[in-house]
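Encoded as structure tokens, the structure appears first; notes follow it.
Here, each number is a calculation from the coordinates, and none is a lab measurement. Please read these numbers as outputs of a predicted model, since none were measured by experiment. In this analysis, Cβ positions are derived from the backbone assuming ideal geometry, glycine residues included, and neighbour counts consider all displayed protein chains.
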Amino acid sequence: MTTSQRFSPLCDVHHTPMQRMMVEEDADEVCSYHACERRDCTRIFRGAQGYLDVNTGGFDESRVSLRPCPVCGFALYLAAVDHCRKIETWECPQLGCDYSEEDQSPSAR
């Protein structure tokens, strides 16, 4: 496992918490991802791919959102949102990488 087990991404669309889920991609491999806690939301976060949607056919990469870490190249996740200042904090889940950045929220643009 190359990512920290204890990171907690927020949904990049709703800014709500995401729950860790497990999926068997084939008989030998079980992978995890984080899914938005809103019932009507299809957004997920996968460490190597960033944010994307899931549907009945599997993972849908048509709306992928990937912010690569400039230090290690892993996908950054939305860690916190300051709604008053309209600032998002993005962090790297890679073990040993402490990179984080603040960016203006899309609602502030």
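With r as the distance between the Cβ atoms of residue 48 and residue 14 and R0 = 25 Å, compute the FRET efficiency 1/(1 + (r/R0)^6) and round to 0.05.
0.65
Net charge around residue 69, counting only other residues with Cβ within less than 12 Å of its Cβ (Lys, Arg = +1; Asp, Glu = -1)?
Numbers: positive: 67; negative: 91, 98, 101.
Around residue 69, the surrounding residues sum to -2.
Residue by residue, what Karplus-based ³J(HN,Hα) values in Hz, rounded to whole numbers, does the range 61-77 have, using 6.51, -1.76 and 1.60 with θ = phi - 60° and x for Gly and Pro?
Listing the rounded values in order: 8, 5, 10, 5, 10, 10, 10, x, 5, x, 8, 10, x, 6, 6, 6, 10 Hz.
Given points 7 Å out from each Cα along the Cα-Cβ axis, report the residue 40 to residue 101 separation in nanometres with one decimal.
With each label point 7 Å from Cα toward Cβ, the separation is 3.2 nm.
Please express the Cα-Cα pair-distance distribution P(r) of the chain as a list of whole percents, one per 5 Å bin, running from 0 to the bin with the greatest distance.
2, 12, 22, 24, 21, 12, 4, 1, 1, 0
Give me, ordered by chain and number, the residues 5 or more places off residue 16 or on other chains with an amide H under 5 Å from its own placed amide H.
Long-range HN contacts for residue 16: 11.
Suppose each label sits 7 Å from its Cα in the direction of the beta carbon; what would the residue 85-residue 66 distance come out to in nanometres?
3.0 nm
Among 44, 87, what is the fewest-to-most ranking by other Cβ atoms within 10 Å? It would help to have the intermediate numbers written out before the result.
Numbers: 44 23, 87 14.
Ascending number of Cβ neighbours within 10 Å: 87, 44.
Could you list 41, 69 in order of exposure, starting from the residue whose Cβ has the fewest other Cβ atoms within 10 Å? Walk me through the numbers on the way to the answer.
On the way: 41 16, 69 19.
Fewest-to-most Cβ neighbours within 10 Å comes out as 41, 69.
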